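This report refers to the structure that appears directly beneath it.
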Amino acid sequence: MRRRAELLRRLRAFLDGRGVLEVDPPLLSQGASTDPGVEPFAVPLPGGVRHLITSPELHLKRLLAAGSGPVYALTHAFRAGERGRLHNPEFTLLEWYRPGWSMERLMEEVEALLQETLPGPPAARRPYGELFEEACGLNPHAAAPDELAEAAGAQGLRVRGLGPEDGKGPWLDLLWSHRVEPLLARLGRVFVTHWPAEQAMLAELAPGPGVRPVARRFELYVDGLELANGFQELRDPEEQARRFEADLRQRRARGQALPPVDRRFLAALEAGLPPCAGVALGVDRLLMRLLGAETLSEVLPFPWDRA
Amino acid sequence: MATYGTNDLKTGLKVMIDGDPCVIVASDFVKPGKGQAFTRVRLRNLKTGRIVERTFKSGETVEAADVVDVEMQYLYTDGEFWHFMVPETFEQHAASKAVMGEAAQWLKGQELCTVTLWNGEPIAVTPPNFVELKVVQTDPGVRGDTSSGGSKPATLETGAVIRVPLFVEEGDVLKVDTRTGEYVSRVRA
């Protein structure tokens with residue numbers, strides 16, 4: 001707990017010292033993330049249902065659109081059902097945004113923060129596609145769902161409940177988590193860049209090496225542990241609305257809950273989000289690395305079972 | 001039949017995989033970032049003992065296996081079946097040679113074993129961790145003979161053959177670890 005307090009202090013000092021303003025976004029929100037990959041907790045209240053934030057992203061971007069300048073939040077975030085060795089439904093995120101910055105510049109800042117808190121060799125930079133091909137033997141950008149399914153089968157992965165009709169995303173996630181992450185575990189510190197367009201989330205797209213666009217997204221892995229996820233943030237309100245709609249379609253098809261789209265966030269994009277890069281870092285996982293812990297519950301003062 | 005959701009898949013749980021009862025020996029929640037969540041489990045097939053790995057998409061259901069472990073006393077074998085009895089109820093079960101596997105070679109009678117029942121039928125028998133058995137045949141140890149690493153084979157009263165120290169003689173009663181098949185000590189000469 002002392003180490004946690006010390007880490008929180010150092011993270012704050014790092015960003016405060018670089019002129020990033022700490023803000024305190026709400027936890028109970030009217031709009032929610034539509035991402036089919038995260039499940040917000042719905043909280044029924046007298047005035048209607050609110051949702052616990054799955055990340056402070058939407059609120060922070062609203063501040064950016066209002067002209068806040070660089071901001072950060074060191075906050076709890078909530079994702080229902082995520083429980084395991086590396087997951088707790090309630091966890092601590094450090095998320096910050098840099099208006100006017102490129103994603104590459106932000107990666108350097110993430111590197112500096114990592115050196116400040118967890119000194120070590122500088123992180124390598126590797127494109128998603130290259131790592132994927134090395135581990136699975138096929139190109140993730142070009143492959144169709146049935147080819148990915150076939151590759152998973154050939155790799156000896158027996159999975160129940162997933163078919164080619166589920167689309168590319170889940171198959172990429174399967175191969176990534178079962179085959180590429182073990183490879184990353186041997187590579188030390190790596191920034192993974194050039195993500196498939198299917199995994200863009202709230203990132204901008206850029207022309208890829210082939211005809212397919214890639215996502216301007218990066219993820220920091222330390223010894224195979226996913227620590228941070230950053231974007232060159234998407235600013236186009238129409239594209240953003242389309243992605244929300246696509247998320248909801250996918251949720252409907254899978255029988256998932258349909259959280260309310262954050263209209264205020266879309267309005268903020270309409271008003272104009274400055275060009276910016278942002279990143280979210282899992283503080284509990286960083287602490288895990290720092291203390292050499294094997295599970296998240298070792299570094300949480302009150303893990304889910306005892307909360 | 002009862003089913004479990006992927007959130008229920010914890011170590012020790014018994015589920016059906018490809019028509020065979022299996023016990024979960026390890027379970028992990030796997031989820032890249034905001035991507036698809038999976039539950040990855042390692043299971044031991046209770047019939048074959050083989051370890052298999054399976055991955056379930058979150059939200060899938062898995063059929064529960066009606067498997068229980070019951071303490072039973074070993075009675076006798078008729079050569080084809082090994083007969084066991086639940087001491088409290090006198091209920092009897094017969095296990096085939098295939099089900100007995102390695103366990104058969106440690107049993108002479110009266111031992112309390114763990115019999116795993118699936119849908120009421122024995123599928124595995126676990127003998128006590130330690131048994132005491134008499135040596136029926138072993139060659140006299142030759143002092144100074146180190147070529148065999150200080151041990152020699154001995155046949156026990158149940159027919160099992162184990163490596164024993166050179167000082168062990170016919171008629172000795174030995175304590176044997178059934179999990180490793182290794183000699184532990186001489187109980188009495």
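The values are calculated or read from the model by the stated rules, or taken from the named source; none is laboratory data. Source: prediction; values computed, not measured. Neighbour counts are summed over all protein chains in view; Cβ atoms, including those assigned to glycine, are modelled from backbone coordinates with ideal geometry. What goes into the accessible areas is simple: the full protein's heavy atoms, side chains included, and nothing from ligands, DNA or RNA. Shrake-Rupley method; radii C 1.70, N 1.55, O 1.52, S 1.80 Å.
When the charge dipole of segment A:115-157 is built from unit charges on Cβ atoms (+1 for Lys and Arg, -1 for Asp and Glu) and taken about the Cα centre, the candidate among A:Ala152, A:Asn139, A:Pro122 whose Cα reaches farthest toward its positive end is A:Pro122. Taking every DSSP helix (H) stretch of at least 4 residues in the protein assembly as shown, weighting each as -39,500 (n - 2.57) and dividing the sum by the residue count yields a mean residue ellipticity at 222 nm of -6500 deg cm²/dmol. Distances between placed amide hydrogens fall under 5 Å for A:Leu205 paired with A:Arg216, all partners being 5 or more residues away or on another chain.
Take each residue of peptide B:34-45, count the partner chain Cβ atoms within 10 Å of its Cβ, and average: the result is 6. Selection among B:Phe56, A:Pro275, A:Leu174 by position relative to the dipole of the protein assembly as shown gives A:Pro275 as farthest towards the positive end (Cβ unit charges, Cα centre). Taking every protein chain into account, the accessible area of segment A:74-150 amounts to 39 square angstrom per residue (probe 1.4 Å). Here's the list of lysines a cross-link from B:Lys108 could span, going by alpha-carbon distance under 22 Å and ignoring same-chain residues fewer than 8 apart: B:Lys97, B:Lys134, B:Lys175. The loop-placed GluC sites (Glu not before Pro) in segment A:92-166, going by DSSP, include none that has at most 10 neighbouring Cβ atoms within 10 Å of its Cβ. Relative contact order of segment A:151-307: 16 percent, from C-alpha pairs under 8 Å at least 6 residues apart in sequence. So, with a 1.4 angstrom probe, what is the percent of accessible area on chain A that is carbon and sulfur? Of all accessible area on chain A, carbon and sulfur atoms account for 52 percent.
Phi-derived couplings, Karplus 6.51 cos²θ - 1.76 cosθ + 1.60 at θ = phi - 60°, listed residue by residue for segment A:7-22: 5, 4, 4, 5, 5, 5, 4, 4, 6, 4, x, 9, x, 9, 8, 6 Hz, with x used for Gly and Pro. The string of couplings for segment A:238-254 from the Karplus curve (6.51, -1.76, 1.60, θ = phi - 60°) is 5, 4, 4, 4, 4, 5, 4, 4, 4, 4, 5, 4, 5, 4, 4, 4, 8 Hz, one whole number per residue in order, with x for Gly and Pro.
Averaged over the residues of A:80-89, the number of partner chain Cβ atoms lying within 10 Å of the residue Cβ comes to 4. Rolling a 1.4 Å probe over the protein heavy atoms of segment B:69-189, with every protein chain left in place, gives an accessible area that is 51 percent carbon and sulfur.
Interface size, chains B and A: roughly 2200 Å² of accessible area buried, both sides included, 1.4 Å probe, rounded to the nearest 100. Across segment A:274-279, computed HN-Hα scalar couplings (Karplus, 6.51 cos²θ - 1.76 cosθ + 1.60, θ = phi - 60°) run x, x, 7, 10, x, 8 Hz from first to last residue, x flagging Gly and Pro.
Mean per-residue shielding of peptide B:23-33 is 6, counting Cβ atoms of other chains within 10 Å of each Cβ.
Note on segment A:131-152 and segment A:224-272: Cα centroid distance 26 Å, given to the nearest whole angstrom.
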